[in-house]
């Protein structure tokens, strides 16, 4: 359920050396009024593959989002997160120049290591084209400079060369993909237009290597992929959301979210629960609840996050506990916000029953999509 923001001029890096931002986001693209028309997300559309693994450039926003838990040969756990966003800002669309920012691609990557106690993370941004970035139609292949995510030979492959870590990983499906909502039509608000096309790929078998300070280690584990695209997302009175994607130990999978209003009330909620037998149940606003169990305050941003949560999804109740408290991600240099996104264990009656990721947005400041 990852979403993206178009950055404001004040969020751009101050150092002139950040060449890629100068190339990707000229002032006109940031200040011109968007006049483009975007297609609506409509119920009843059947997702088709491999086509829908690829980009849908007519829609305003789109993201490919992989999170997971991996372990090295010494038994050390790591959380991994790789996200590529594509956005159509709707400016200069009649401009024939290859420099016109008709599509912009963002990328985030993070590595959670409890021995360090805080995230290693990095981000990149570039306009599509000119060899800098792109998002292919027809199958999943998205990249920004030398960062990439590609579906090839039925495996997702990602290569990330960040400032102080690297990821060279592949993810192989072990289960059928999971259409979210009603056949891939996922409501996000009280208006039907507030929706996305959305599917997940739970229980990916992850393997490869991670590099920390030039030391490379082999890792294996399990991951979760989301692919989502939309033109209108949040209701006007929404401030942010809580989201989980949990690989359950019995082979089941749970995606659940709530979108919060200005007073903390639920504007909308939903999800999908696929049980161990492969039966999927669509969850509506009355089926999903998020209750904070414990908060953590960031010394950097001063933001308080409910990093431990009790999540109810129909008759399933899970208590989520983070791999580590400090999994705050500062993405002001690209998507203009600060949020918490971290690896969590899921427990039921005190026993671990799954692992996945929790995302908490809109706690630093109200989100503007």
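General remarks:
- Residues in the stretch 244-270 that are closer than 23 Å to residue 204 by Cβ and surrounded by 22 or more Cβ atoms within 10 Å (Cβ to Cβ): 244, 245, 246, 247, 248, 252, 253, 254, 255, 256, 257, 270.
Every residue, every condition in (1) more than 30 Å from residue 271 (Cα to Cα); (2) buried (at least 21 other Cβ atoms within 10 Å of the Cβ); (3) within 18 Å of the chain's Cα centre (by Cα); (4) at pLDDT 95 or above, yes or no:
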residue	(1), (2), (3), (4)
89	no, no, no, no
97	yes, no, no, no
113	no, no, no, yes
156	no, yes, yes, yes
164	yes, no, no, no
179	no, no, yes, yes
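- Flag if residue 168 is in a strand (DSSP E or B), surrounded by fewer than 24 Cβ atoms within 10 Å (Cβ to Cβ) and under 17 Å from the mean Cα position of the chain (by Cα): no
- Set side by side, the residues 43, 126 differ, and just one is at pLDDT below 95 and surrounded by 17 or more Cβ atoms within 10 Å (Cβ to Cβ), which is 126.
- Hits in the stretch 264-276 - residues which are at pLDDT 95 or above, under 15 Å from residue 240 (Cα atoms) and over 22 Å from the mean Cα position of the chain (by Cα): none
- Scanning the stretch 255-291 for residues that are assigned to a strand (DSSP E or B) and out of contact with any strand residue (DSSP E or B) (no Cβ under 7 Å at 6 or more places or on another chain) yields no hits at all.
- Test for residue 191: is it at pLDDT below 95, farther than 21 Å from residue 39 by Cβ and touching a strand residue (DSSP E or B) at 6+ places or on another chain (Cβ under 9 Å): no
- Yes/no for residue 150 being touching a residue at least 24 places away in the same chain (Cβ under 8 Å), under 18 Å from the mean Cα position of the chain (by Cα), outside any loop (DSSP other than H, G, I, E, B) and surrounded by fewer than 21 Cβ atoms within 10 Å (Cβ to Cβ): no
- Take the conditions (1) out of contact with any helix residue (DSSP H, G or I) (no Cβ under 6 Å at 6 or more places or on another chain); (2) surrounded by fewer than 22 Cβ atoms within 10 Å (Cβ to Cβ); (3) in a loop (DSSP other than H, G, I, E, B); (4) touching a residue at least 24 places away in the same chain (Cβ under 8 Å); residue 332 misses just one of them, which is (1).
- Some residue of the stretch 277-297 being farther than 28 Å from residue 77 by Cα, under 19 Å from the mean Cα position of the chain (by Cα) and touching a residue at least 60 places away in the same chain (Cβ under 8 Å): no
- Take the conditions (1) surrounded by 14 or more Cβ atoms within 10 Å (Cβ to Cβ); (2) assigned to a strand (DSSP E or B); (3) over 20 Å from the mean Cα position of the chain (by Cα); residue 301 misses just one of them, which is (2).
- Selection status of residue 106, in a strand (DSSP E or B), at negative phi, touching a residue at least 24 places away in the same chain (Cβ under 8 Å) and over 16 Å from the mean Cα position of the chain (by Cα): no
The values are calculated or read from the model by the stated rules, or taken from the named source; none is laboratory data. Bear in mind the structure is a predicted one, so any value in this text is a computation, not a measurement. Cβ: placed from backbone, ideal geometry, glycine included. Neighbour counts: every protein chain shown.
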